[in-house]
Amino acid sequence: MFTTLSPVAAPPAHDLVAAIDDLKNELNAVILAHYYQESDIQDVADYIGDSLGLSRQAAATSADVIVFAGVHFMAETAKILNPEKQVLLPDLNAGCSLADSCPPDAFAAFKSAHPDHVVISYINCTAAIKAMSDIICTSSNAVSIVQQLPPDQKIIFAPDQNLGRYVMEQTGRDMVLWQGSCMVHETFSEKKLVQLQMHHPQAEIIAHPECETAVLRHAHFVGSTTALLKYAQQRPTAEFIVVTEPGIIHQMTKQAPGKRFIPAPPTAACACNECPHMRLNTLEKLYLAMKHRQPEITLDPELQRQALRPIQRMLELSAP
């Protein structure tokens, strides 16, 4: 359940960063931002990361207020991990096509049809789906988590079919896949990617496992956003074609100066490789959320309790 935001003007752009910093001190707040957020938000965040890193930060924070610059399932996860803390999301319309592709009622029926299966759900799902899961995973730890289960354990993997297929290839495990997907990672064109590589023959292709198999087979490296960032930093290669949401390129450019990062093209002549949900958050909305302490994420306590168990299981199986 969400509360609504009152329309009040934000300060001029040049004062926003200072105003946000003041509010952070006043509220004892922490700003967590995903790599896919616009660069201005990344620059004011206390922590920038992928879903696993953000979950760890949310679980460990001593802040009273968590401002989550991401999408709603991420803010929900922070609330599940911190039921007594206030969690703010700058724009309530910042949803997720992948989470939306797995309706709770339909998934409950799907799960009932496979009663002897353990449910591993990608963190990109709603609190209701998390509550029906045995273990949550991220793109950083999905392969490792599956490998830690007994070889004869039957598995449902939801909601991302592309990540599920990648995990199956990496582990040799057969899994029952829910047929969901991310609208951004399915827009990348194999044909255009090959054409782009022809123009940049020295570039390495690095891709997120949410992409379709036809795209992944051209990648020199496949990994989570954090893994892609680390790979780009550590490799001597000067050019990379980046096959994921291009928000990550801001951090790549900062952490690997002197290298060139080329966003992979989508199928259509559009900015479809940018997540429209992630990009709904702006610096102005982040300020207003902190100023008025809304929109606030609230969840049913019993749902929170049920959804917490599989997240804790993930953190246990992913201990650094």
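The values are calculated or read from the model by the stated rules, or taken from the named source; none is laboratory data. For clarity, every value in this text was computed on a predicted model and none was experimentally measured. Glycine also receives a Cβ, built like all others from the backbone with ideal geometry; neighbour counts cover every protein chain displayed. Please note that ligands, DNA and RNA were not included when accessible areas were found on the heavy atoms of the full protein model with its side chains. Shrake-Rupley method; radii C 1.70, N 1.55, O 1.52, S 1.80 Å.
Overview of values
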item: Candidates ALA63, ALA75 - the one that is in contact with a Leu (Cβ under 7 Å, 6 or more places away or on another chain) and farther than 21 Å from ILE145 by Cβ; result: ALA75
item: Leading residue by the ranking (modelled with the lowest pLDDT) among those in segment 257-268 that are of a type in the set (A, V, I, L, M) and under 22 Å from the mean Cα position of the chain (by Cα); result: ALA264
item: Of all residues in segment 68-113 being among the hydroxyl-bearing types (Ser, Thr, Tyr) and surrounded by fewer than 24 Cβ atoms within 10 Å (Cβ to Cβ), the one that is nearest to PRO295 (Cα to Cα); result: SER97
item: Residue ID - farthest from SER140 (Cα to Cα), chosen from residues in segment 274-320 that are of a type in the set (A, V, I, L, M, F, W, C) and part of a loop (DSSP other than H, G, I, E, B); result: LEU299
item: Where ALA203 falls short, out of the listed (1) free of Cβ contacts under 8 Å to residues at least 60 places away in the same chain; (2) within 23 Å of the chain's Cα centre (by Cα); (3) open to solvent by less than 50 Å² (accessible area, probe 1.4 Å); result: (2)
item: Single condition THR298 does not satisfy, out of (1) more than 21 Å from the chain's Cα centre (by Cα); (2) surrounded by fewer than 18 Cβ atoms within 10 Å (Cβ to Cβ); result: (1)
item: Close pairs from segment 224-237: first in contact (Cβ under 8 Å) with a residue 24 or more places away in the chain and on the phi < 0 side of the Ramachandran plot, partner in a helix (DSSP H, G or I) and open to solvent by 30 Å² or more (accessible area, probe 1.4 Å), Cβ under 7 Å, at least 6 apart; result: LEU229/GLN255
item: Unmet requirement for ARG313, which otherwise passes all of (1) open to solvent by 60 Å² or more (accessible area, probe 1.4 Å); (2) of a type outside the set (A, V, I, L, M, F, W, C); (3) within 30 Å of ASP134 (Cβ to Cβ); (4) out of contact with any strand residue (DSSP E or B) (no Cβ under 9 Å at 6 or more places or on another chain); result: (4)
item: Hits in segment 108-129 (condition: farther than 22 Å from HIS185 by Cα and in contact with a helix residue (DSSP H, G or I) (Cβ under 7 Å, 6 or more places away or on another chain)); result: VAL119, ALA127, ALA128
item: Qualifying residue in segment 26-33 (condition: under 24 Å from ASN273 (Cβ atoms), in contact with a Phe, Trp or Tyr (Cβ under 9 Å, 6 or more places away or on another chain) and surrounded by 24 or more Cβ atoms within 10 Å (Cβ to Cβ)); result: yes
item: Residues of segment 78-107 classified as without any contact (Cβ under 8 Å) to a residue 60 or more places away in the chain and touching a helix residue (DSSP H, G or I) at 6+ places or on another chain (Cβ under 6 Å), total; result: 1
item: Enumeration of residues in segment 114-132 that are of a type in the set (Val, Ile, Thr) and open to solvent by 10 Å² or more (accessible area, probe 1.4 Å); result: VAL118, THR126
item: Selection from segment 46-58 of residues that are open to solvent by 20 Å² or more (accessible area, probe 1.4 Å) and either among the hydrophobic types (A, V, I, L, M, F, W, C) or in contact with a Cys (Cβ under 6 Å, 6 or more places away or on another chain) (or both); result: ILE48
item: Counted residues, segment 146-160 - those being crowded, with 22+ Cβ neighbours inside 10 Å and of a type outside the set (Gly, Ala, Ser); result: 6
item: Index of the failed condition, SER181 passing every other in (1) open to solvent by 20 Å² or more (accessible area, probe 1.4 Å); (2) over 30 Å from MET132 (Cα atoms); (3) in contact (Cβ under 8 Å) with a residue 40 or more places away in the chain; result: (2)
item: Residue that is modelled with the highest pLDDT, among those in segment 46-57 that are over 17 Å from THR126 (Cα atoms) and among the small types (Gly, Ala, Ser); result: GLY49
item: Filtered residue count, segment 209-235, keeping only those that are within 12 Å of VAL167 (Cα to Cα) and crowded, with 16+ Cβ neighbours inside 10 Å; result: 4
item: Qualifying residue in segment 179-197 (condition: in a loop (DSSP other than H, G, I, E, B), modelled with pLDDT of 95 or more and not hydroxyl-bearing (Ser, Thr, Tyr)); result: yes
